[in-house]
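The values are calculated or read from the model by the stated rules, or taken from the named source; none is laboratory data. For clarity, every value in this text was computed on a predicted model and none was experimentally measured. FYI the Cβ positions are ideal-geometry reconstructions off the backbone, even for glycines, and counts take in every protein chain you see. The accessibility values were calculated without ligands, DNA or RNA, using every heavy atom of the protein model including side chains. Shrake-Rupley method; radii C 1.70, N 1.55, O 1.52, S 1.80 Å.
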Amino acid sequence: MRAALRKGIKNVEVIEMEKPSPAADEVLIAVKSCGICGSDIVRIQEENPRWDEIVLGHEFAGEIVAVGESVEGWKVGDRASAAPLMPCMKCDKCAQGNYSLCKGYSFIGSRVQGAFGEFLRVPAKNLVAIGNLSYDQAAFIEPITVCLHPILRLDNLLGKDVVVTGAGTIGLLAIQIFKAMGCREIVASDISEGKLEMAKAMGATIVCNPITEPLEDVCARELEDGAHVVFESSGAGPAKISAMQVARGRGSVLLVGTSHAPITFTAPQFEAITRKELNVVGSWMNYSAPFPGAEWTTAAWMMEAGLVKVDGLQTHTFPVEQIQNAYDVIYNNEELWAKVMINF
Ligand SMILES: [Zn+2]
Ligand SMILES: [Zn+2]
């Protein structure tokens, strides 16, 4: 089978690999679509030889082509997406249903071979039905669950003001979810004017380019009393600092984006957290009980119900043979891109 494997930093080659076969409790999926995740982008340029051995890709959908003997409820020909985490199911975190906190986990596309390969072994319990969604659309289920994981921990959002920092795929999906949940003002902030245009198309009511005007000033002018909820998806240090400043008293700050550099708060900036009694919520991955969690069924339903539309987010699509071109779009960063999709 064909599989895309890194061969040195920022270089990806399509090679022939042996086709896997499913264990008793697994199915074999013929991958049709797999999105490139921000974490894949980091891995392709990281100085870590492990990424020359593991096929990446964990935002996928495809068709079941073989079924292990003990699998029930799925058959050859079924279309599905799947959760990539394989928690140990033995530790106390797993027993509590906090699978994202499991330390003894495996993961499709970072610890075992992933979905930039033509065929993929997946535990049947990880499968998610995709109804009438296209394979490309279904490959967005995973990033939508990343948004839903912290949002589903919040109280009702009807009439509330929210700020989304970072208008990449995750931020643009979060904007649509907040709109569907009945938020009043949805402020999107990003340093790319193109991304801000996309944010408006997704439902942002106010946009802010912090290079032109600080987010703090925009929120002070446009919001009654700061944001009830701030969803930080950019990973950028300045955005994390601003997030604490623009949240209202007792507001929630959802920290989703991953940072790759130190973040330094001044004392007054940090005091915003204590003085306003902020609810600072860390969010990691996208799982809850019963595994893989309501995030997954809700994500598929939101797309089927038309509450989240992803077609406008898929800016680029490449066959796997051209996966190097896909990464080059991202690394060159010359054209507007959000989700870059790989097809088989
Ligand atoms: Zn991801
Ligand atoms: Zn565990």
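Let me confirm something: among Arg43, Arg50, which residue is in the same structural domain as Tyr327 (by TED's automatic domain parsing), over 26 Å from Leu133 (Cβ atoms), open to solvent by 60 Å² or more (accessible area, probe 1.4 Å) and not in a loop (DSSP other than H, G, I, E, B)?
None of the other options fit; the residue is Arg50.
Would you tally the residues in the range 181-229 being among the small types (Gly, Ala, Ser), out of contact with any strand residue (DSSP E or B) (no Cβ under 8 Å at 6 or more places or on another chain) and assigned to a loop (DSSP other than H, G, I, E, B)?
2
Based on this model, can you work out whether Arg121 counts as touching a Phe, Trp or Tyr at 6+ places or on another chain (Cβ under 8 Å) and open to solvent by 50 Å² or more (accessible area, probe 1.4 Å)?
No.
Scanning the range 164-194 for residues that are over 19 Å from the mean Cα position of the chain (by Cα) and among the acidic types (Asp, Glu), which turns out farthest from Pro214 (Cα to Cα)?
It comes out as Glu185.
Any residue at all in the range 39-49 that's within 12 Å of ligand 1 (Cβ to nearest atom), within 22 Å of the chain's Cα centre (by Cα) and small (Gly, Ala, Ser)?
Yes, the conditions are met somewhere in the range 39-49.
Assess whether Gly257 counts as being within 21 Å of Glu216 (Cβ to Cβ) and in contact with a Ser or Thr (Cβ under 6 Å, 6 or more places away or on another chain).
Yes, satisfied.
So, in the range 71-93, of the ones that are open to solvent by less than 50 Å² (accessible area, probe 1.4 Å) and more than 26 Å from Ile130 (Cβ to Cβ), which residue ends up nearest to ligand 1 (Cβ to nearest atom)?
Cys88
For the range 278-325: of the residues being part of a loop (DSSP other than H, G, I, E, B) and of a type in the set (S, T, N, Q), which is nearest to Phe344 (Cα to Cα)?
Asn286
Among the residues of the range 166-173, is there at least one that is free of Cβ contacts under 8 Å to residues at least 40 places away in the same chain and surrounded by fewer than 23 Cβ atoms within 10 Å (Cβ to Cβ)?
no
Going through the range 195-213 one residue at a time, which ones are within 19 Å of the chain's Cα centre (by Cα) and either without any contact (Cβ under 8 Å) to a residue 40 or more places away in the chain or not assigned by TED's automatic domain parsing to the domain that holds Ala236 (or both)?
Leu196, Ala199, Gly203
All but one of (1) open to solvent by 40 Å² or more (accessible area, probe 1.4 Å); (2) of a type outside the set (Gly, Ala, Ser); (3) touching a helix residue (DSSP H, G or I) at 6+ places or on another chain (Cβ under 9 Å); (4) closer than 19 Å to Phe318 by Cα hold for Leu152; which doesn't?
In the conditions (1) open to solvent by 40 Å² or more (accessible area, probe 1.4 Å); (2) of a type outside the set (Gly, Ala, Ser); (3) touching a helix residue (DSSP H, G or I) at 6+ places or on another chain (Cβ under 9 Å); (4) closer than 19 Å to Phe318 by Cα, Leu152 misses (4) alone.
Among the residues of the range 204-225, write down those that are small (Gly, Ala, Ser) and surrounded by fewer than 19 Cβ atoms within 10 Å (Cβ to Cβ).
Ala220
Taking interchain pairs and intrachain pairs at least six residues apart, which have beta carbon atoms under 6 angstrom, with the first residue in the range 1-17 and under 14 Å from Ala326 (Cβ atoms) and the second part of a loop (DSSP other than H, G, I, E, B) and open to solvent by 60 Å² or more (accessible area, probe 1.4 Å)?
Going by the 6 Å Cβ cut-off, the qualifying pairs are Lys10/Gln45; Glu13/Lys7.
I'd like the full set of residues that are surrounded by 14 or more Cβ atoms within 10 Å (Cβ to Cβ) and aliphatic (A, V, I, L, M), limited to the range 269-297.
Residues satisfying the conditions are Ala272, Ile273, Leu278, Val280, Val281, Met285, Ala294.
Only one of (1) under 15 Å from the mean Cα position of the chain (by Cα); (2) surrounded by fewer than 20 Cβ atoms within 10 Å (Cβ to Cβ) fails for Thr266. Which number is that?
(1)
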